[in-house]
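The values are calculated or read from the model by the stated rules, or taken from the named source; none is laboratory data. This is a predicted model, so every value here is computed, not measured. Glycine gets a Cβ as well: all are built from the backbone with ideal geometry, and neighbour counts include every protein chain shown. To get the accessible areas, we keep the full protein, side chains included, count just its heavy atoms, and leave off ligands, DNA and RNA. Shrake-Rupley method; radii C 1.70, N 1.55, O 1.52, S 1.80 Å.
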Amino acid sequence: MASPKVAVVGAGVIGLSTALCITETCPSCSVTVLSDQFSPNTTSDVAAGMLIPHTYPDTPIHRQKQWFKETFTYLFAISNSAEASEAGIHLVSGWQVFKSTPKEELPFWSDIVLGFRPMSKAELQKFPQHQFGQAFMTLKCDCPPYLLWLEKRLKAAGTQMYTRKVADLWELHSEYDIVVNCTGMGAQQLVGDKQLFPVRGQVLKVHAPWVKQFIRDGDGLTYIYPGIHKVTLGGTREKGSWSLSPDAYTTKDIFDRCCSLEPSLQGAQDIKVKVGLRPSRQCVRVQREVLSQGGVKLPVVHNYGHGAGGFSVHRGTAKEAAHLVEECISALQGSSSRAKL
Amino acid sequence: MRVAIIGAGVIGLSSALCIHEQFHSLEPSLELQVYADHFTPHTTSDGAAGLWQPYLSDHGNLQETLWNKETFDYLLGHLHSPAAKEMGLFLISGYNLFTEPVPDPSWKNIVLGFRNLTPKELELFPGYSYGWFNTALMLEGRSYLPWLTNRLTQRGVKFFHKKVESFQEVSGDGVDVVLNCSGMRSGDLQPDPELQPGRGQIIKVLAPWVKHFIITHNLKSGIYNSPYVIPGSEFTVLGGIYQHGNWSEENSAKDHKSIWDSCCQLLPALQKAKIVGEWCGLRPARPSVRLERESIRLGNLQAEVIHNYGHGGFGITIHWGCAMAAARLFGSILQEKKQLATPPGPRL
């Protein structure tokens, strides 16, 4: 197979980073990205893009740690380069605070982020309702810049990108040799995955440039993440809700909760409300599959179900998916050489 | 009781506020007048980035360390107040970088979360092998000075745009106390060979992705002669110039290049930052802050002068501690005047 044709369905952070990894591991592949939405209208664009992992109950911890470590290392190098501002990648330090001491004092990622340590008593005085806290520095991927930067890298690698709604993976079998499914929440309908469910998140993006540090409540519900131009205030975790419309009561609730962590946010300006549906699953599906229909086979690589942790593990899962694409290519080449005999 | 304050930088305005806050109810006739040739945004304080951080060593001057601490604690107490945004006050964390291990600074327990940098963090800064990370405060002069001015105006303090040439000029006409907060120009009022300019120059850029301050140190070239990057609320300050004895108030192209090249080497992403301004100013440098009383004979009058100048590159860092010390000196002057005014009791 001289130039395998690979279609990546989905143009959020997972689709674009997976496509980019495929161009890196398989330079002879012809990669095309197909998606009904591109930045700034993807789920990824709503997210703050903080590298603080979400723990998947059914994915082995060592695998999650490996994904996070690869992602962190990759982005750390970009943050330290001249491209950092264009890519939207920057370091941010801050605190995770708990109303009561968590049973797990050291999360699995504490040695990957920078300078992780418990907060001092003096630091905790800023948070009178919280008893315990952790201070550390991590990375943030601002969207749209990061997605636009990925698109730019893809174009430079010769990747074509088309706006197209794919209703069925089989639509693609005549044009493409391998299909990579990075459709996030769309996978529920596209491949009938009933283990995938939305967790609705509403956030506020506000102008508050004096906020230089992140603050996150350990319960994961309330957070303040300063981006390049806007601060993301969150949030909600509404399991099973499909509504993409902002809720006014929720807006006020998020604002109040964030102001109680950081009173200066009362002076925030230009408040915009956004909603995204986290494509949630007990474990991220990074898996190969060969679909079969009437004697025709279609190799598919799945990379979806990242829920609340997409940015944190995106590069790691993209690399794994790219390896699976390589395996698909080997399998195709193997069977085509067998066919020649 | 009339008090003339010479100077409307951070020192003059905060000293005036501190004195008025403490004594206006005790001394109903208290009348404060601020005289200055420059007001915000044209003072030295307006050019400073506004980072609270003392020099590396206090040279055994524990008094100054205490004033620094008083200032930090005072500002920290205001952090959650509704006034914080208007004051230009917010928390900020960042790095101090060195090419060799150094002793911990006098202020390590004043700031929050002081720690050494990990090897992974030092990877970000090739050429630097040692460093600190801590959380401190920003107090932006171009917000703080107007805030102080508003508080003073509300209290009926009057402002006069005037270049004061002598203590005599302001001390006639019933003025009992003169507060000399004239910073770099104190030598014009009373010669002080210990007061020398520490010329600084900065470039203002838009680099909103920078969320931490980075102060590098070159122990041979001395404080602030090594690149620093300080992100503010509207723009980021790039600096690294300290020229002792240089009185020039013109921006230098050579200094611009030195700042730009060294800061871009420190943070490559700055190459893409847009330059929005440039400024230079004279830090009023002195081996130690002059904060003391002096009785000055002016003709047949005696005036009490409280000197409060010579804060070098740490004026914002130390201002409130000095303001309170100046207020204590004022209090003792007030006390003495009351004692003189009270007729002696009957001699038995």
Completion exercise
Wholly inside region B:103-170, strands (runs of 3 or more DSSP E) that include 1 or more residues that are more than 10 Å from chain A (Cβ to nearest Cβ) are B:130-139, B:158-161
Problem - Considering residues of region B:257-271 that are open to solvent by 50 Å² or more (accessible area, probe 1.4 Å) and out of contact with any helix residue (DSSP H, G or I) (no Cβ under 9 Å at 6 or more places or on another chain) only, the residue nearest to the other protein chains (Cβ to nearest Cβ) - result: B:Gln265
Problem - Restricting region A:125-136 to residues that are open to solvent by 30 Å² or more (accessible area, probe 1.4 Å) and facing another protein chain (nearest Cβ under 10 Å), the residue that is nearest to B:Lys211 (Cα to Cα) - result: A:Gln125
Fill in the blank from the handout: Only one of B:His78, B:His59 is more than 16 Å from the chain's Cα centre (by Cα) and either within 14 Å of chain A (Cβ to nearest Cβ) or at pLDDT 95 or above (or both), namely B:His78
Problem - Hey, B:Gln201 surrounded by fewer than 22 Cβ atoms within 10 Å (Cβ to Cβ), at pLDDT 95 or above and away from every other protein chain (no Cβ under 14 Å) or not - result: no
Exercise for the section: Examine region B:159-173 for a residue that is farther than 30 Å from B:His20 by Cα, in contact with a Leu (Cβ under 8 Å, 6 or more places away or on another chain) and open to solvent by 10 Å² or more (accessible area, probe 1.4 Å), and state whether such a residue exists. Expected result: no
Exercise for the section: Determine which member of the set A:Trp242, A:Trp210 is within 12 Å of chain B (Cβ to nearest Cβ) and open to solvent by 10 Å² or more (accessible area, probe 1.4 Å). Expected result: A:Trp210
Practice task
Output yes when any residue across region A:91-112 is more than 10 Å from chain B (Cβ to nearest Cβ) and small (Gly, Ala, Ser), and no when none is.
Solution key: yes
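Each row is one residue, and each column tells you yes or no for (1) open to solvent by less than 20 Å² (accessible area, probe 1.4 Å); (2) within 28 Å of A:Gly220 (Cα to Cα); (3) within 26 Å of the chain's Cα centre (by Cα); (4) free of Cβ contacts under 8 Å to residues at least 60 places away in the same chain.
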residue	(1), (2), (3), (4)
A:Val290	no, no, yes, yes
A:Val296	no, no, no, no
A:Gly316	yes, yes, yes, no
A:Ser330	no, no, no, yes
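Provide a single number: the residues in region A:204-234 that are at pLDDT 95 or above and among the small types (Gly, Ala, Ser).
Residues that pass the stated criteria total 3.
In region A:253-267, what count of residues is obtained for those that are more than 10 Å from chain B (Cβ to nearest Cβ), closer than 11 Å to A:Val211 by Cβ and among the aliphatic types (A, V, I, L, M)? Break it down into steps so the answer makes sense when it comes.
Of region A:253-267, the ones more than 10 Å from chain B (Cβ to nearest Cβ) are A:253-261.
From the residues that got through so far, the ones that are closer than 11 Å to A:Val211 by Cβ too are A:258, A:261.
When the remaining residues are screened for being among the aliphatic types (A, V, I, L, M), the result is A:261.
Total satisfying the criteria: 1.
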Practice task
Being open to solvent by 30 Å² or more (accessible area, probe 1.4 Å) and within 14 Å of chain B (Cβ to nearest Cβ) is the filter; apply it to region A:226-239 and report the residue that is farthest from A:Gln282 (Cα to Cα).
Solution key: A:His229
Problem - Selection from region B:113-127 of residues that are buried (at least 21 other Cβ atoms within 10 Å of the Cβ) and in contact (Cβ under 8 Å) with a residue 24 or more places away in the chain - result: none
Handout entry: A:Tyr223 being closer than 20 Å to A:His54 by Cβ, of a type in the set (Phe, Trp, Tyr), in contact with a strand residue (DSSP E or B) (Cβ under 7 Å, 6 or more places away or on another chain) and open to solvent by 10 Å² or more (accessible area, probe 1.4 Å)
Key = yes
Exercise for the section: Could you tell me whether any residue of region A:170-190 is touching a strand residue (DSSP E or B) at 6+ places or on another chain (Cβ under 6 Å), surrounded by fewer than 20 Cβ atoms within 10 Å (Cβ to Cβ) and within 14 Å of chain B (Cβ to nearest Cβ)? Expected result: no
